[in-house]
Amino acid sequence: MLGIPDPAIWLGYLLAILSVAACIVYSVRYWNKSDDPLPDPSEKEKNWEKVEEKINEML
Amino acid sequence: MNTFTLGLVVILYLLLIAYLGYVGYRKTKTTKDYLLAGRDSHPFIMAMSYGATFISTSAIVGFGGMAGKFGMGLIWLVFLNIFIGIFIAFVFFGRITRRVGLNLDAHTFPEFLGNRFQSKAIQIISGLIIFVAMPLYAAVVLIGGARFIESIFQIDFTMALIFFTLVMASYVIAGGLKGVMYTDAAQGTIMFVCLFFLLVFSYFKLGGVSSAHQALTNMAGMVPTDLAAQGHLGWTAFPKINSAWWWILTTNIILGVGIGVLAQPQLVVRFMTVKSSRELNRAVMTGGIFIFVSTGFVYTIGALSNVFFYSETGKLALDAVGGNVDKIIPEYINKAMPEWFIYLFMIALLSAGMSTLSSQFHTMGSAIGRDVIEKIFPRTGLNTMMIARLGIVFGVVISLLIGYQLPMGIIARGTAIFFGICAATFLPAYIASLYWKRVTRSAALWSIVSGLATSVFALAFLHKSESLPLGICKALFGKDFLIDKFPWMIIDPLMVALPVSVFVLILVTFVSRPPEKEFLDKCFK
């Protein structure tokens, strides 16, 4: 296969590529999944949201 | 190569690293920041930091050169690095490690084990093992980096060593894990881009994927007789079963390094640097792609360098560089790549060394500071951050001394020794701490102690590569290794020590009292 006659070598390449594929599929599949509830936004983030709201109101 | 241009590139690179170190320093306010990067790392930074720490210069130059000598069999190491080192590690170890670590307020790997088994002794012993064994591993990277600077800038080795150490130590001591991870991410990105280009350009130069591989396959008849006697069947073939090289490849490299990665303290701690398992899920992709490019690409190029050298000089890669495996990749870059790429690749190699070393310094410092000194002397009057900083200084000095004092024969084995000791000592207890609620404190402690003792015994008396330079076996028994029946002297010590520590863990668990349910509920809530 692709100039490599020994199955033990191309099988290694195939498994390495499949492992990378598994990593990509896993990440995409569970991109927004979390085992635990995500922490509440910090005070800084809450304040930032308030300022944003005010700006929007003013606009 | 123009020294002025190279100097300019290196200065720009160091300015970038200094800036990122400074950002880390500015953002470090608490112990959590210093030891765990505030537990709120971005998934990309976490994954790149994990990958760049994992892949050192020796993984690129050393193993890449080995592929030049022995061929593409090393691809199995790439497969295990991705499948076990990333996929299994992140999905089956990382998520639960992060959760248990947070529930038990662990800041380091020894503290994780200590809190999980409610044992100060486990934390102190684990911290000491790391602090004693890791400088040997760090010395390998430190000396390698200094030699590299010495050769490209033509400066004195001691100067290079001091300069390299000071640069590294400054941002690790000041910026803590935030500084380490920010710089790691930048260094990992540089490595990724360079190695990606290297493979694409190499295939282009050698006439395409299939023709390059076919040319290498056609060279099978040129394998030198001494390598053929060790089981070498060609650069696109796996070695002959039960031959010397087959045993080295399967036990030392594939299993030793491939499995050893799971219990590396500097990598495990990264799972605790993100705020939820969502970040780990996202990091798996970056980690997998990074390891594939940084190891798979360079091992393929290492093997293919034979085609290039043969067509240019009529010699095999190993012969073209005077028999020194470590010179195959640098020499290939010098001869086959455009000049502008040589400068970038130098920075990539520097990055690979620095990213590994910075994490080693940080892990050593937190082990001696947080896990040993703070546990033994709780009333020092200093805060954890200060103790960890002093610990890093101490660790850096020890690594320097080791680099200077120990013979090169032992230093060259530093990575393998550290990986082996960590896997045999910590892996069974670490896996059980996550997945076996019945496991007991005594079982974990005895597993760690027996794994360490068997590892040290196997290194000193069984495994030729270490027993020979150590010389203890020779001094006591008059021979280089105790069992001279093939293949015992070349089987990785991990293959002996790991079963022992697993057996001890299981045995002691069933003869000791199980942990309380309330505590387990707290761990896994």
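The values are calculated or read from the model by the stated rules, or taken from the named source; none is laboratory data. If you're wondering where the values come from, they're calculated on a predicted model, not measured in any experiment. Cβ: placed from backbone, ideal geometry, glycine included. Neighbour counts: every protein chain shown.
Taking the stated definitions as given, is B:GLY256 under 30 Å from A:ASP35 (Cα atoms) and either facing another protein chain (nearest Cβ under 9 Å) or among the small types (Gly, Ala, Ser) (or both)? No. Screening B:LEU161, B:LEU128 for residues that are surrounded by fewer than 22 Cβ atoms within 10 Å (Cβ to Cβ), within 17 Å of B:ILE398 (Cβ to Cβ), away from chain A (no Cβ under 14 Å) and modelled with pLDDT of 90 or more leaves exactly one candidate, B:LEU128. For the range B:259-316, a residue qualifies if it is within 14 Å of chain A (Cβ to nearest Cβ), surrounded by fewer than 24 Cβ atoms within 10 Å (Cβ to Cβ) and of a type in the set (S, T, N, Q), and the qualifying residues are B:SER276, B:SER277.
The set of residues in the range A:1-28 being surrounded by fewer than 19 Cβ atoms within 10 Å (Cβ to Cβ), within 7 Å of chain B (Cβ to nearest Cβ) and over 30 Å from the mean Cα position of the chain (by Cα) consists of A:LEU2, A:GLY3, A:PRO5, A:ALA8.
Yes or no, residue by residue, for (1) of a type in the set (Gly, Ala, Ser); (2) more than 14 Å from chain A (Cβ to nearest Cβ); (3) touching a residue at least 12 places away in the same chain (Cβ under 8 Å); (4) more than 16 Å from B:ILE342 (Cα to Cα):
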| residue | (1), (2), (3), (4) |
| --- | --- |
| B:MET191 | no, yes, yes, no |
| B:PHE196 | no, no, yes, no |
| B:PHE201 | no, yes, yes, no |
| B:SER210 | yes, no, no, yes |
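Quick one: would you say B:ILE483 is over 26 Å from the mean Cα position of the chain (by Cα), of a type in the set (Val, Ile, Thr) and under 24 Å from B:GLN230 (Cβ atoms)?
yes
Here B:ILE143, B:ILE82 are screened, and the one residue that is farther than 16 Å from B:VAL268 by Cβ, crowded, with 23+ Cβ neighbours inside 10 Å and within 14 Å of chain A (Cβ to nearest Cβ) is B:ILE82. Among the residues of the range B:483-524, count how many are assigned to a helix (DSSP H, G or I) and not β-branched (Val, Ile, Thr). Number satisfying all stated conditions: 21. Considering (1) at the interface with chain A (Cβ under 9 Å from one of its Cβ atoms); (2) out of contact with any Asp or Glu (no Cβ under 7 Å at 6 or more places or on another chain); (3) hydrophobic (A, V, I, L, M, F, W, C); (4) part of a loop (DSSP other than H, G, I, E, B), the lone condition that B:ALA237 does not fulfil carries the number (2). Among the residues that make up the range B:1-10, is at least one of them of a type outside the set (Lys, Arg), over 21 Å from the mean Cα position of the chain (by Cα), outside any helix (DSSP H, G or I) and farther than 24 Å from B:ALA367 by Cα? Scanning the range B:1-10, I find at least one residue that is of a type outside the set (Lys, Arg), over 21 Å from the mean Cα position of the chain (by Cα), outside any helix (DSSP H, G or I) and farther than 24 Å from B:ALA367 by Cα, so the answer is yes. Within the range B:258-273, is even one residue of a type in the set (D, E, K, R) and touching a residue at least 24 places away in the same chain (Cβ under 8 Å)? Within the range B:258-273, one or more residues are of a type in the set (D, E, K, R) and touching a residue at least 24 places away in the same chain (Cβ under 8 Å).
Residues in the range B:240-253 that are of a type outside the set (Phe, Trp, Tyr) and either over 12 Å from B:LEU494 (Cα atoms) or within 14 Å of chain A (Cβ to nearest Cβ) (or both): B:LYS240, B:ILE241, B:ASN242, B:SER243, B:ALA244, B:ILE248, B:LEU249, B:THR250, B:ILE253.
Scanning the range B:90-106 for residues that are within 21 Å of the chain's Cα centre (by Cα), surrounded by fewer than 24 Cβ atoms within 10 Å (Cβ to Cβ) and either closer than 30 Å to B:PHE308 by Cβ or more than 10 Å from chain A (Cβ to nearest Cβ) (or both) returns B:PHE92, B:PHE93.
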